[in-house]
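Heads up: the structure comes next, in structure tokens.
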Amino acid sequence: LTHDFYMGETEVTQEEYQAVMGTNPSGFSSCGSTCPVESITWHEAAEYANAISLLDGLTECFSCVDGECSTPESPYTCDGYRLPTEAEWEYAARGGTDYLYAGSNTLDDVGWDQFNASYKTHPVAQKIPNDLGLYDMSGNVWEWVWDWFDEDYYSSSPSSDPEGPTSAHSRAKRGGSWNDGESYARVSRRSMNRDSYLDPDVGFRLSRTVNP
């Protein structure tokens, strides 16, 4: 990765989302304001990123019309908030280490999964962070990322700054959730869903390019 980037310390919370968008779609709304917002489509995550960018006087990174959003050719051309690329997400989750999960080889130290979450989300930043100070990158909720998903993409992707295929049927998501087993929370595990998919086990965190 040749572009420096910021990464959200936590997943976007219900409180943060509602303060900007005026609604809380979360299936676990009773979990509390510091629980991750979920039941969010990829498009809704992109719209939130654009809204936060405008509030901070930054450039919107997504093109959104009537609830349908698309990405420009490159994530590195805007200074606003966006979803991290899949490569950025994995780099940040690994945190310069070789752990199985984001911050530990023991998932219970760092994340919520189907064995310890009691089938629900939990407030962010309750487990220990990884070596970059990032919380819940393994477990709690899946996190939408920038890229379209292609199972074979990385066998022929650019060696630097991979941005995903130009189109596909689904968007990538990373990190596992409260509803999944340990293998899904591994920093190497890839998954996907249609960009219109929403479920109480899917949320997101934001990133930003430094000096685009």
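Per DSSP H run of n ≥ 4, the term is -39500 (n - 2.57); total these for the chain, divide by its residue number, and report the mean residue ellipticity at 222 nm rounded to 500 deg cm²/dmol. Walk me through the intermediate numbers first.
Details: 4 runs with 35 residues, N = 212.
Estimated from H runs of four or more residues: -4500 deg cm²/dmol.
Distance from the alpha carbon centroid of the stretch 42-101 to that of the stretch 176-212 works out to 13 angstrom. Where both bridge residues fall in the chain, DSSP classifies roughly 90% of the beta bridges as antiparallel.
Given +1 at the Cβ of Lys and Arg, -1 at the Cβ of Asp and Glu and no other charges, the dipole of the chain around its Cα centre is 300 debye to the nearest 20.
Per residue, the solvent-accessible area of the chain (1.4 Å probe, heavy atoms of protein chains only, all protein chains present) comes to 45 Å².
Assuming a viscosity of 1.002 mPa s and a temperature of 20 °C, what translational diffusion coefficient in µm² per second does Stokes-Einstein assign to the stretch 44-111, Rh being the Kirkwood radius over Cα pairs?
On the way: Rh = 13.8 Å.
Translational diffusion coefficient: 155 µm²/s.
Taking 0.36 nm per residue of sequence separation and removing the Cα-Cα distance, the Tyr6/His169 pair yields an extension gain of 55.9 nm. What percent of all Cα-Cα pairs in the stretch 1-66 falls in each 5 Å bin, counting up from 0? Reading upward from the zero bin: 4, 16, 24, 24, 18, 9, 4, 1, 0. Expressed as a whole percent, the accessible surface of the stretch 107-212 that belongs to carbon and sulfur atoms is 44, based on a 1.4 Å probe. 3J(HN,Hα) along the stretch 179-192, derived from phi through the Karplus expression 6.51 cos²θ - 1.76 cosθ + 1.60 where θ = phi - 60°, amounts to 9, 10, x, 4, 4, 6, 8, 5, 5, 8, 6, 10, 8, 7 Hz, with x in place of Gly and Pro. Each peptide in 140-146, 58-64 was scored by the mean count of other Cβ atoms within 10 Å over its residues; highest first, the order is 140-146, 58-64. The relative contact order of the chain, computed from alpha carbon pairs under 8 Å that lie at least 6 residues apart in sequence, is 30 percent. Over all pairs of different C-alpha atoms, the chain has a mean inverse distance whose reciprocal, the Kirkwood radius, equals 16.8 Å.
Size descriptors for the stretch 103-212: radius of gyration and Dmax over Cα atoms are 14.5, 42 Å.
The values are calculated or read from the model by the stated rules, or taken from the named source; none is laboratory data. Just so it is clear, the model here is predicted, and its values are computed rather than measured. All Cβ positions, glycine included, derive from the backbone under ideal geometry; neighbour counts span all protein chains shown. Ligands, DNA and RNA are stripped out before the accessible areas are found, and what is left, the full protein with its side chains, is counted by its heavy atoms. Shrake-Rupley method; radii C 1.70, N 1.55, O 1.52, S 1.80 Å.
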